[in-house]
């Protein structure tokens, strides 16, 4: 039964992927958390928070992602106004 406010959509993984793909959400928060620095690797965790039809949906990485620090561009921005130099 729908009730006073009508039926609420049942969500599954495929529907959430479709909501993201079609940008049907009204709010999106993206977050990357630095978990740890190991030798030449960076461990990060990625999460998203979306609002869809007045419902908040959280999407989080199950395991941290390991990225090579060598894949990152490192720059010196001094006081933050403009880039001063690349850091090798």
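Quick note: the coordinates plus some simple rules give every number you see, no bench work behind them. Being a predicted model, the structure only gives us computed values, none of them experimental.
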Point to revise | Shape of segment 35-88, Cα gyration tensor, a/c cut at 1.5 | key: oblate
Check your understanding: Which percent, nearest 5, of DSSP beta bridges in the chain are antiparallel?
Key -> 100
Check your understanding: In percent, how large is the relative contact order of the chain, given Cα pairs closer than 8 Å and 6 or more residues apart?
Key -> 18
